[in-house]
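Shown next, in structure tokens, is the structure this report addresses.
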Amino acid sequence: MGVAVTHPEGNTPLIVRPALGRWADLEDLLLKHEGHNPTGSFKDRGMTVGVTQAKRIGATAVACASTGNTSASLAAYAAQAGLPALVFVPEGQIALGKLTQSLAYGARTLLVEGDFDACLQLVQESSKALGIYLLNSINPFRLEGQKTIVLEMLQQLGWEVPDWIVLPAGNLGNTAAFGKALLEAQSWGLISRLPRIAAIQAEGASPFAQSFARDFDRLVPMAAHTVATAIKIGAPASYDRAVRAIRATRGVVRSVPDAEILAAKAAIDAAGVGCEPASAATLAGVRRLRAEGVIRPGERVVGILTGHVLKDPGILQTMHQETEPPPSWANRPIRIAPEVAAVRTVLEAALATK
Ligand code: F0G
């Protein structure tokens, strides 16, 4: 047995911001911010386990397909382990912070002509043909690591079970891992009841939500479109396991339009917390489920923020500097002459609107 490949990761905060509770019309809202992991997303929790396993079995190279965060994480852990990494990403469809992380950490970064679903198929075929160790979330070691989000959160709450856990859903690895973690925690006697899982998708990438609405009859893949590029996935790989997680926890699946995702992101950012667009689907989903009455007023909800605000600087430029007419949240930079008088004007306007 070699030594674990770890940064380390985890120990992410549970954040309370009354302004965000008010935004979602819910008193008891906690946000677990997984963007506080070393590469800025929850993926590090699975990657430490996955890359440790790759080392243990003597893998000569590792690979994944990604919408950007898995690839950033794999690149970092492979660098630490001294393993060559190949990452397959859809060309032009991943956020700048993620693409540049993968370059910085030294992974061979393959820009594939096609969407994430095409990348996943190509990496699976290539791994089989070329003997590369595959580190997508279909790798069971990845999901074992991601379970720690739930276990750590329960520990932070003194093993008092919240009523809901709300998370964004794309390829469905995390939804599957959450279900497994909760069932195991119950069978080990750590908790006596299960929280309900609410998985939130973007409307333009919602095959799981659509299947849920049909009582999970089957998965109908779709061509995915959303500003939340992390969850721009039309044929989720962990569908079956995620269905089990939702059923076992009496969970629900919803989709929210991009406009609601961006409004939620603007609220999270303006609260000084910040997150990437996919993460904001969590808060948009909480608000929607409150409006529907599915989440009831006094219930305790833990929302998962999956990635850091700096992952996607492009969307911030669009939101704040480029969209015309400026949305309510737009915070335009102010060009000034290098004079105190100009600063005074800005200060007075700021104090007047406070
Ligand atoms: N939030 C973020 C920030 C993500 O990067 C992802 C997935 C999800 C939510 C959804 O999690 O796929 O387990 O349902 N990102 C993967 C990637 C697909 O390649 O980085 P999921």
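The values are calculated or read from the model by the stated rules, or taken from the named source; none is laboratory data. Here the structure is a predicted model, which means the values were calculated and not measured. Note that each Cβ is placed from the backbone with ideal geometry, even for glycine, and that neighbours are counted across all protein chains shown. Please note that ligands, DNA and RNA were not included when accessible areas were found on the heavy atoms of the full protein model with its side chains. Shrake-Rupley method; radii C 1.70, N 1.55, O 1.52, S 1.80 Å.
Brief remarks on what is shown
- Semi-axes of the equivalent ellipsoid for the chain, Cα gyration tensor, largest first, Å: 32, 26, 20
- Dipole orientation for the stretch 180-338: of the candidates 189, 313, 219, 189 has the Cα lying most toward the positive pole (charges on Cβ; Lys, Arg +1; Asp, Glu -1).
- Distant-in-sequence amide H partners of residue 303 (H built 1.01 Å from N, under 5 Å): 30, 31, 32, 166
- The mean of 1/r over all distinct Cα pairs in the stretch 1-58, once inverted, gives the Kirkwood hydrodynamic radius of 13.4 Å.
- Put the Cα centre of the stretch 1-47 next to the Cα centre of the stretch 229-274 and the gap is 15 Å.
- Backbone amide hydrogens, once placed in the peptide plane, bring residue 112 within less than 5 Å of 89, 91, excluding anything fewer than 5 places away on its chain.
- Once divided by 2.2 N^0.38 Å, the Cα radius of gyration of the stretch 72-162 becomes 1.30.
- Taken over the stretch 136-191, the convex hull of the Cα atoms encloses 73 Å³ per residue.
- Checking the Cα-Cα distances for 43/180; 55/311; 32/147; 232/311 against a 21 Å cut-off, the pairs over it are 55/311.
- The chain - share of DSSP beta bridges that are antiparallel (%, nearest 5): 10 percent
- Per residue solvent-accessible surface (Å²) - the stretch 260-354, probe of 1.4 Å: 53 Å²
- Neighbourhood charge, 15 Å Cβ-Cβ cut-off, centred on residue 350 and excluding it, Lys, Arg +1 and Asp, Glu -1: +2
- Calculated mean residue ellipticity at 222 nm for the chain: -13000 deg cm²/dmol, from DSSP H runs with n ≥ 4 weighted as -39500 (n - 2.57), summed, divided by the residue count and rounded to 500.
- Measuring nothing but protein heavy atoms, the accessible surface of the stretch 157-223 at 1.4 Å probe radius is 51 percent carbon and sulfur.
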